[in-house]
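Engineer: My questions all concern the structure below.
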Amino acid sequence: MSARPPEAPDVVRSTAAHQETLTPPPSAQPPRVVVLALPRPMLCAVFEPERFGRLRAKAVFALAERIGGGDGPAPVIDLEDPENATDLPAQLDRLAAAGVDRLVLYGAAERPIYAREIAARFPGGVEANAPDALLWRARTSTAPVVELGEGLYRIDEGTPPPPNAAALLWRTPGEVDSPRSGGENGTIPMAPLADDPEGRLGAGVGLSPPAALAGHASGTKLRDAWAAFWPHEVFRAAVLGLDPLLEAALARAPAPEALPVPLLAVTGMDGSGKSTHVEHLARALSAAGQRVAIVKLYRQGAFLQLADELGARTRRGGPISAFRLSRVVKLWDTLRVFDEVLPGAAALHDVLIGDRWTETHLAAAASQLGWDLRAHGALACAPAPEGCAWLLLPPEVALARIEARGVPRTADEHPAGLAGYAWAFDDLSRGGANLRLDARADEAENVGRIRGFFRVGRGDASATEAPRPTPPRPAPPAQPLGTRTAVVLGAAPGSPTLAASARPWLHRAGAVSLDFVLEGLAARVLLDLRETRPARASAPLWPGVLHRLFPDLSALAELDRLLSAEATIVGWRPPTAADFAFAPSPEGAARLAAAYGAALADLAAEQGWPRLQDAGAAGGGGSP
């Protein structure tokens, strides 16, 4: 056959002509692969959001085309779209029910919390696609100049901007405490991009160097410098390790558990006299023939000591996210009360009185962390009081009353903390079944108003002894100095399993994030060790391994440091999916077990921890 002339209309030179009579067959099956576009990282949402939005849309569509191939672009679900930004669990369930068996995540490297949540919940395959994320490319490229599109560039320190630059990200070394501003390039919008090779700021990557996470003076100096470039709410969420968009996607309308008896609540900040008023109310109800139990969500104990200890460690360089972890520790103990205390108290009494209720969590999280817990799964399950009496007090008066007690102040008993409580309580106490009282008013008058508000009978209050509060667990025994627990990471039959007793509490909670579960169980490992002080123990979940796997959960490193002073790791065994049965799906448990196992093996090799014979093998079932 003779050669055809070069201008011949072959399928490369004249593709459209050869497609002219071809019709793609209709798809007989619903799509099995979907591109799930995660919300953009915080930096891209606040710097040049329209430009980044257009570039992101192009990148997502290009990914969908590449994934779809000859079937056409794969379907895309954009989680930034308001229609897709709520009820993530239900959305994933619908995809699975429709036959989708693989999700390709766009932007997983810059939304690690979001990506972990999807991997834990979706029953099909989940793949990350980091190279298509624009900020990921800007962060990881070694080139001094990276063109992102539409005149947007990332340039390195000392590199002149391209002449056609319309906006600049200026990559800045991590320890710089005075990043350059945009005024040096006239009208070109410009922002610093902090080095963060491990992505320790999670969704806030690039907003601040990792060294700014430290709570001590040098970390504060860095935070002050870098915070000047960003909206406070965004920067605060980044350094605390919060992902508000994921919180909103998991939030559901509260479905409080119903109690068989009435629940009343009296609350107020420390120094307002709430415990005294609770005692008066309990006496009045008891005198009227009611069996009364006082329930406290906040009690003394090891969990509160750990929460305070985590916060205190920030003064010596612990990550500022330890303040958030301390709230997680307290929320987990509240789940314990819901699971272990409330059912028994309701079965034995006619009325329950809350000496405080969930509003303290709401107020502290909102005022200190900017964390909205109103629809959080750990509190959405809380029984709703029939009414709440609020003893409101100016913070300066509360502080004076507290100091007059002559006892050490608690972690929040300072002007900033009390001012935050006063602001939040004033907001929470408006509307609904609430009684607002001035805690400076005559005590007898306030007690009378509370009794009338709850329609309490006015029997002879002196006739019956006031009921006692539902007792908390006994305080942990004093720990002998120098005592260390030998711990196997993984299964160790015959030894107590740290944090095992806390796992059932989760059945009380609604849709909580995987990170909330991981951090809470990691804290329970330390609490169980301190409360029981076993000579030997096993731990299927270990904070240091989790931190190796998820470096953005920086507060886990503090738990690991605390454990290193009280435990000696004597060996390890690979995890199983059963160890991660708390994950929302069996597939998520298997994925988490595999990733955790790989991180454990790497860390064990570095630390020289011996791998033990499998627990089920001959001779391998003994204690560590």
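Bear in mind these aren't lab numbers, they're just calculated from the coordinates by the rules spelled out. This is a predicted model, so every value here is computed, not measured. So basically every Cβ, Gly included, is an ideal-geometry build from the backbone, and we count neighbours across all protein chains shown.
Engineer: For the chain: lysine pairs with Cα atoms under 30 Å, gap of 8 or more or different chains, count?
Structural biologist: 4
Engineer: Rounded, prolate or oblate: which one fits the stretch 550-595, using the alpha carbon gyration tensor with axes a ≥ b ≥ c (rounded when a/c is under 1.5, else prolate when a/b beats b/c, else oblate)?
Structural biologist: Oblate, since a/c reaches 1.5 and b/c is not below a/b.
Engineer: What label, among (i) 1.12; (ii) 1.01; (iii) 1.06, belongs to Cα Rg over 2.2 N^0.38 Å computed from the structure on display?
Structural biologist: (i)
Engineer: Report the convex hull volume per residue for the stretch 263-453, counting only C-alpha atoms, in Å³.
Structural biologist: About 121 Å³ per residue, rounded to a whole number.
Engineer: While we're on this one: With angles folded into 0 to 90 degrees, how steeply does helix 514-532 sit against the dominant principal axis of the chain? Use alpha carbons for both and round to 10.
Structural biologist: 40 degrees
Engineer: By DSSP, what percent of the beta bridges with both residues in the chain are antiparallel, rounded to the nearest 5?
Structural biologist: DSSP beta bridges in the chain are roughly 10 percent antiparallel.
Engineer: Quick check: the angle from helix 395-404's long axis to the longest principal axis of the chain, C-alpha only, nearest 10 degrees?
Structural biologist: Between helix and principal axis, roughly 50 degrees.
Engineer: In degrees, nearest 10, range 0 to 90: what is the angle between the Cα axis of helix 302-313 and the longest Cα principal axis of the chain?
Structural biologist: Helix 302-313 and the main axis of the chain meet at about 50 degrees.
Engineer: For the stretch 485-607, take N as its residue count and report Rg(C-alpha) divided by 2.2 N^0.38 Å.
Structural biologist: 0.98
Engineer: Let me ask another. Could you run the Karplus curve 6.51 cos²θ - 1.76 cosθ + 1.60 with θ = phi - 60° over the stretch 592-600 and give me ³J(HN,Hα) per residue in whole Hz, x for Gly and Pro?
Structural biologist: Each residue of the stretch 592-600 in turn: 5, 4, 5, 5, 5, x, 5, 5, 5 Hz.
Engineer: Given charges of +1 on the Cβ of Lys and Arg and -1 on the Cβ of Asp and Glu, with all other atoms neutral, how large is the dipole of the chain about its Cα centre, in debye to the nearest 20?
Structural biologist: It comes to approximately 1280 debye.
Engineer: While we're here: Check which residues have an amide H placed less than 5 Å from Ala166's amide H, if you skip close sequence neighbours.
Structural biologist: Those qualifying (amide H under 5 Å, at least 5 residues apart or on another chain) are Leu152, Tyr153.
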